[in-house]
Amino acid sequence: MGPPTLTDTEKYVTPKVAQPYWVKHAYEILVETAGRYNAVITYSELAEEVQRRSSLWTSSQMRNWIGALLADLVKVNHARDEPALVALVVRKDDGQVGAGYDEVLRVSGHPAIDDPLEREMHAAAARLECYRHWDADVPAGAQPTLTTRTREVRARTPRTAAAEERRGAVCPTCFMETPVSGACPNCD
């Protein structure tokens with residue numbers, strides 16, 4: 001859709017000017033999203049919608065301001081003792097939360113999560129909290145799940161040998177995988 005063509009009397013605003021208004025609209029948009037079980041919204045969809053609803057458009061690229069907008073939302077949710085709505089905002093290409101999700105962890109006193117799958121599972125748990133908090137029709141016994149897009153990407157991405165899990169530890173002397181018992185048959 002894109003921003004409207006502005007007339008000579010209208011101007012784009014800077015993200016700094018628009019931010020207080022965008023936060024209000026982003027909160028409303030994400031509460032609406034949380035009201036639908038397993039719903040998510042992409043960064044670009046959220047950016048477009050906050051500008052549309054507020055009638056405050058910027059010529060600044062989304063990547064230059066969306067992080068600050070989401071950081072403000074994290075603070076709003078934290079102050080209200082609500083689940084982190086930013087867990088509902090995902091990248092279009094892989095359906096995962098971005099690095100900005102670390103703000104959720106920081107504000108709640110947890111360390112950043114380096115492992116992408118672990119971060120996604122944390123975000124999935126936060127999304128489930130959002131759906132429950134904002135009265136989505138959550139099935140009984142629902143468990144945190146990765147987004148549909150993330151599952152699709154993971155299913156078609158071949159696992160490399162380095163990514164495969166080991167069953168046993170690695171011997172510090174000969175670097176061979178040891179049996180589950182832990183004793184290295186080569187060195188013991």
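The values are calculated or read from the model by the stated rules, or taken from the named source; none is laboratory data. Please read these numbers as outputs of a predicted model, since none were measured by experiment. When we count neighbours, we look across all protein chains shown, and the Cβ atoms used for this are built from the backbone with ideal geometry, even at glycine. Surface accessibility is based on the protein's heavy atoms, side chains included, excluding ligands, DNA and RNA. Shrake-Rupley method; radii C 1.70, N 1.55, O 1.52, S 1.80 Å.
Points to keep in mind about this one:
- Near pairs, Cβ below 9 angstrom, 6+ apart or cross-chain, from segment 12-26 (within 18 Å of Lys75 (Cα to Cα)) to any residue that is part of a helix (DSSP H, G or I) and hydroxyl-bearing (Ser, Thr, Tyr): Ala18/Ser54; Tyr21/Ser54; Trp22/Ser54; Lys24/Ser54; His25/Ser54
- Segment 53-64: number of residues that are in contact (Cβ under 8 Å) with a residue 12 or more places away in the chain and either part of a loop (DSSP other than H, G, I, E, B) or of a type in the set (D, E, K, R) (or both): 6
- Asp93 being outside any helix (DSSP H, G or I) and either more than 13 Å from Ala126 (Cα to Cα) or of a type outside the set (Val, Ile, Thr) (or both): yes
- Some residue of segment 123-134 being modelled with pLDDT of 95 or more, more than 22 Å from Thr42 (Cβ to Cβ) and over 13 Å from the mean Cα position of the chain (by Cα): yes
- Count of residues meeting criterion [aromatic (Phe, Trp, Tyr) and surrounded by fewer than 22 Cβ atoms within 10 Å (Cβ to Cβ)] in segment 65-103: 1
- Flag if Leu117 is open to solvent by less than 40 Å² (accessible area, probe 1.4 Å) and of a type in the set (A, V, I, L, M, F, W, C): no
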